[in-house]
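One structure below.
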Amino acid sequence: MKVVIVGAGPAGLAAALAARAHGASVTLLDAADEPGGQYWRHLPPERPSANERILHHGWQRFTAMRRALEADAGCEIVMGAQVWAIERSDAPAQARTEAPMPAAPVVVHVLVGPPDGTGRAGRTFRPDALVLATGAHDRTLPFPGWDLPGVFTAGAAQAFAKGERVAVGQRVVIAGAGPFLLPVAASLVATGARVLGVFEASRIAGLVRGWLPKPWQLIGAAKKGGELAGYVGTHLRHRIPYATGRAVIAAHGTDRVEAVTVARVDANWRPVPGTEQRIAADAVCVSHGFTPRLELPIAAGCAISSSRFVEVDEAQQSSVAGVYAAGEITGIGGVDAALVEGELAGHCAAGGSPGDPEVRRAAKARTTFTGFAARIEAAHGIRRGWTAWLDDDTLVCRCEEVPYGRFRETAAQTCGSGLRSMKLTTRAGLGICQGRVCGGTVEELIGGGPETAAGGLLDQRGVAATTDRRPIASPVRLGELAGGIGPTEPTEPHLSKPTVQKGHQ
Amino acid sequence: MAARLLPASSDPIRPSGATPLAISLDGETVAGVAGQTIAGVVLASGRLAWRRTSADGRPRGLFCGIGVCFDCIVTVNGERDVRACQRRAADGDVVEIQHDALPEVRP
């Protein structure tokens, strides 16, 4: 039994351990050169330190999982591994059947080497089962000046604080929505920055509505600050102003951020006139939620829910037999949910069942987390009034530099004829990021979005047209394609010695 | 004031060693430490932007920091379109800024 796992964050690591425990041989792939994903993003081995754990929650769990997998001859860890395409090896979709378990109907194409390098080595896998744990990235809504240098996603600030010990600014404003903003503030403080304020767009009423039905679940969430929150609280005694119902509605400066405008917003996130406040800052970090990385699940043929996550059953299996999904691509639920889902996915991908005694704890915990993502969405989800803070010059698409005014004119002239037409006419979403940054925005601005996708948003294949469909999941150089994509690897690898392949060395 | 690498002496994680390195950015020498990304080295040098956009010539630098947005792309040792936030800096790397002007369209 050969299980390929894509993504070495919390869910992928947990999946690898569980699949190994159930006897499968495992190949764990990740595009980064260190495991841990965004959550456990850390300093590289060239920069050792005595006390790195204070920057993390669950650091010991991470290092234990990592050590176990690295010492395990049956687990090949391939870092610097960019999965650039998943091909279906059958058509139409294979129906789910009872045992014996059919092989996953997928071919996984990988390039191994330095990020965006030339001459990376191609590898191709036909696994018996595939676990996708590709995670999520920040979703940042446009606002005037958001393209100025010095405006970052909150995830960028977090990645550079934890992974480089670089503070993206010295006087920093953090804004957006969601529980992720607070650990970012703590990381920045622990990296020597002064956080001038954290501005959460959701209002208290919304927060209460979202969290109150099952407040005991906040206990788990409250732990998330962990040792870092303790460090910030007890050692630095920084008081970070935190305000709800407020948003950064503009960034100011000529060639870089010099100030931001913060305003009160109503329950629908519409700025309240007369409440604007200007704050001088050298960096602003803004995230309004997360976008799951769905291109690989979509390429594998997995059914995607109306709220735009991979649909899974109690075994974490997707609608495609043999293809499993875990972590943020099945719902933004945080690290604890990701670990549990990963464990179940790995165990079941290796031929186990969610009813097996060794995963009883995980199966039970999974039900605890059910609905957690929905409550985060209820409390912090993007409200449609945000478009009121756009002006005609605000870029909708950063890559192709499409301003909102031109986008709106085009929509009016073409009677909003649909996503594909709008993209082709305005070029929004067609730049080098392949619509990853603006995709959700473009969908919402033309009146679509996951909740209302219908009618004009359907393409001829009967699949809702979204920006997540990217047959080439990551940019690949033509030379690398021309150089061949590597022989398909046998389903049973040699179980000889621990193998950790580092793409970067 | 801008982005800054926290000095080891004031870092609560108590760093125990780092190897200096230097890269060249459009001919200018920029110092960093081994293990930093190219974006990390450049940001910590106090520079926030290192690209100009094609249509409006606007400055860009780091935005998403995790390899998603491609705003930070540079040419590294002759390889174009390398995400500076993803590529570790190597001592002696020759980094060039990219500005891809749009082709002129004649009527």
Exercise. Any idea what the dipole of the range B:20-96 comes to, in debye rounded to 20, about its Cα centre with Lys/Arg Cβ at +1 and Asp/Glu Cβ at -1?
Worked result: 240 debye
Exercise. At a Förster radius of 41 Å, what calculated FRET efficiency corresponds to the Cβ-Cβ distance of B:Ala8 and A:Arg278, to the nearest 0.05?
Worked result: 0.70
Exercise. Per residue of A:137-147, how many C-beta atoms from partner chains lie within 10 Å of its own C-beta, taken as a mean?
Worked result: 2
Problem set entry | Amide H partners (placed H, <5 Å) of B:Arg51, local residues excluded | B:Arg60
Exercise. Which of the peptides A:244-250, A:265-271 is most tightly packed, and how do the rest follow, going by the mean number of other Cβ atoms within 10 Å of each residue?
Worked result: A:244-250, A:265-271
Problem set entry | Under Karplus coefficients 6.51, -1.76 and 1.60, residue-wise ³J(HN,Hα) of the range A:334-348 in Hz, glycine/proline x | x, 5, 5, 5, 4, 5, 5, 5, x, 4, 5, 4, x, 4, 6
For this session: Please report the relative contact order for chain B, taking Cα pairs under 8 Å with a sequence separation of at least 6, and give it as a percent rounded to a whole number.
Result: 29 percent
For this session: Return the average number of partner chain Cβ atoms within 10 angstrom of each residue Cβ along peptide A:2-14.
Result: 0
Problem set entry | Two-site label geometry, A:Lys364 and A:Ser305: point separation in nm, points 7 Å out along Cα→Cβ | 2.4 nm
Exercise. For chain B, what is the mean residue ellipticity at 222 nm derived from helices alone (per DSSP H run of n ≥ 4: -39500 (n - 2.57); sum divided by total residues; nearest 500 deg cm²/dmol)?
Worked result: -1500 deg cm²/dmol
Problem set entry | Chain-alone versus full-assembly comparison, the range B:1-27, residues with accessible loss of at least 50 Å² (1.4 Å probe) | B:Met1, B:Arg4, B:Leu6, B:Pro12, B:Ile13, B:Arg14
For this session: Which order do the peptides A:9-21, A:163-175 take when ranked by the mean count of other beta-carbon atoms within 10 Å per residue, highest first?
Result: A:9-21, A:163-175
Problem set entry | Delta accessible area of at least 50 Å² on complex formation, residues of the range A:158-184, 1.4 Å probe, chain isolated as reference | A:Phe160, A:Glu164, A:Arg165, A:Val166, A:Gln170
Problem set entry | Contour minus Cα-Cα distance for A:Ser353 and A:Ala267 (0.36 nm per residue) | 26.6 nm
For this session: Can you pull out the buried accessible area for chains B and A, both sides counted, probe 1.4 Å, rounded to the nearest 100 Å²?
Result: 4800 Å²
Exercise. Considering only protein heavy atoms, what per residue accessible area in square angstrom results for chain B with a 1.4 angstrom probe?
Worked result: 44 Å²
For this session: Write down the radius of gyration of chain B and its Dmax, each obtained from C-alpha positions, in Å.
Result: 15.3, 63
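The values are calculated or read from the model by the stated rules, or taken from the named source; none is laboratory data. Everything quoted here is computed from the prediction, not taken from an experiment. With ideal geometry, Cβ positions are generated from the backbone for all residues, glycine too; neighbour counts draw on all protein chains shown. To get the accessible areas, we keep the full protein, side chains included, count just its heavy atoms, and leave off ligands, DNA and RNA. Shrake-Rupley method; radii C 1.70, N 1.55, O 1.52, S 1.80 Å.
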